[in-house]
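What follows is a set of notes on a single structure, which appears directly below.
The values are calculated or read from the model by the stated rules, or taken from the named source; none is laboratory data. Not measured: the values here are computed from a predicted model. Neighbour counts run over all protein chains shown; Cβ positions are idealised from the backbone, glycine included.
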Amino acid sequence: MSLPRPSTDAGRAALDSLLAGPAKALAAFDFDGTLAPIVDDPRTSAPFPGVVDRLAELAGLIGSVAVVTGRPAATAVRLGGLDRVPGITVLGHYGAERWADGRVLAADPPPGVDLVRRELPGLIDRVGAPEGTWIEDKGRSLAVHTRRTADPDGALALLTPSLKALAERAELRVEPGRMVVELRPQGVDKGAALTELVRTSDARTVLYAGDDLGDLPAFDAVADLRAHGVAGLTVCSSSEEVTAVAEAADLVVPGPAGLSDLIADLTASIRGPGA
């Protein structure tokens, strides 16, 4: 394996910075679609084989490793076995929750989440959502999935206007994703979460890898951090379902398998020849 080179000058400079000063680097990753393949039922999600072991190896060589996910932090840790990665920080619900050293810290969710929890099943029935539509209750947010329907995109188009209206009444925001729409609290996103991680870790280089629209705020944060002297590299775990992330990334890898290989290549490059 050989370490791929980013397609942008800024990305190449960030990769060189990471390799030259790994102790001052932060590597952060989305979970679903990035570390773990997308599956029909997110409750059965699991990391790509071997990727967590590779993360653990990388964690021993760089300043800090994090996962930033829309899932509850404890759920991502449990599904991924992420507690095997030394010193990892897991930010759940787009940064509203922080898992570290076996503990989750989070404020209470806003009351709009309970309103959506009460009204969403009736809304699904009223709009005539097709068979296979289902609701995932994440505790601090709720998501409506259409991947199991006969026409996932058509089901999303049918549901989205009513979901937006409900979110507005509940003072929540709508987060579109890969065959899913999530209604979640405002004021948190992966960009703000990543920026805070960089600040608290005092990183001089940041790598962020994601696959979906919810990862674009983190890409924007990387661009802003570059303007403030932090070298930044954005990586897309590519899919045919979402192209906007690949278009915005410095480096594109073929899904979770390619991301796993990238982590292994980074580790080997940091260790150097003969290690």
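In table form, for the structure just shown:
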{"quantity": "Count of residues meeting criterion [assigned to a strand (DSSP E or B) and either in contact (Cβ under 8 Å) with a residue 24 or more places away in the chain or not β-branched (Val, Ile, Thr) (or both)] in the range 169-200", "calculated": "11"}
{"quantity": "Residue among ASP40, ASP53, ASP16, ASP83 that alone is acidic (Asp, Glu) and assigned to a loop (DSSP other than H, G, I, E, B)", "calculated": "ASP40"}
{"quantity": "Subset of the range 43-74 [within 17 Å of GLU97 (Cβ to Cβ) and either among the small types (Gly, Ala, Ser) or surrounded by fewer than 21 Cβ atoms within 10 Å (Cβ to Cβ) (or both)]", "calculated": "ALA66, GLY70, ALA73, ALA74"}
{"quantity": "Count of residues meeting criterion [in contact with a helix residue (DSSP H, G or I) (Cβ under 9 Å, 6 or more places away or on another chain) and either closer than 13 Å to VAL198 by Cβ or not hydrophobic (A, V, I, L, M, F, W, C) (or both)] in the range 19-31", "calculated": "7"}
{"quantity": "Some residue of the range 198-210 being touching a Phe, Trp or Tyr at 6+ places or on another chain (Cβ under 9 Å) and either over 21 Å from GLY63 (Cβ atoms) or not assigned by TED's automatic domain parsing to the domain that holds LEU58 (or both)", "calculated": "no"}
{"quantity": "Check on GLU247, outside the structural domain of MET179 (by TED's automatic domain parsing), of a type outside the set (Gly, Ala, Ser) and free of Cβ contacts under 8 Å to residues at least 40 places away in the same chain", "calculated": "yes"}
{"quantity": "Odd one out for ARG147 among (1) assigned to a helix (DSSP H, G or I); (2) among the basic types (Lys, Arg); (3) within 30 Å of ASP83 (Cβ to Cβ)", "calculated": "(1)"}
{"quantity": "Some residue of the range 103-123 being on the phi > 0 side of the Ramachandran plot and part of a helix (DSSP H, G or I)", "calculated": "no"}
{"quantity": "Residues satisfying the stated conditions in the range 201-217, i.e. over 10 Å from VAL68 (Cα atoms) and touching a residue at least 60 places away in the same chain (Cβ under 8 Å)", "calculated": "SER201, ASP202, ALA203, ARG204, THR205, VAL206, LEU207, ASP211, ASP212, GLY214"}
{"quantity": "Residue pairs meeting the criteria (Cβ under 6 Å; at least 6 apart or on separate chains; first without any contact (Cβ under 8 Å) to a residue 12 or more places away in the chain, in the range 135-164; second surrounded by fewer than 16 Cβ atoms within 10 Å (Cβ to Cβ))", "calculated": "LYS164/VAL174"}
{"quantity": "Qualifying positions in the range 229-255 - buried (at least 24 other Cβ atoms within 10 Å of the Cβ) and in a helix (DSSP H, G or I)", "calculated": "VAL245"}
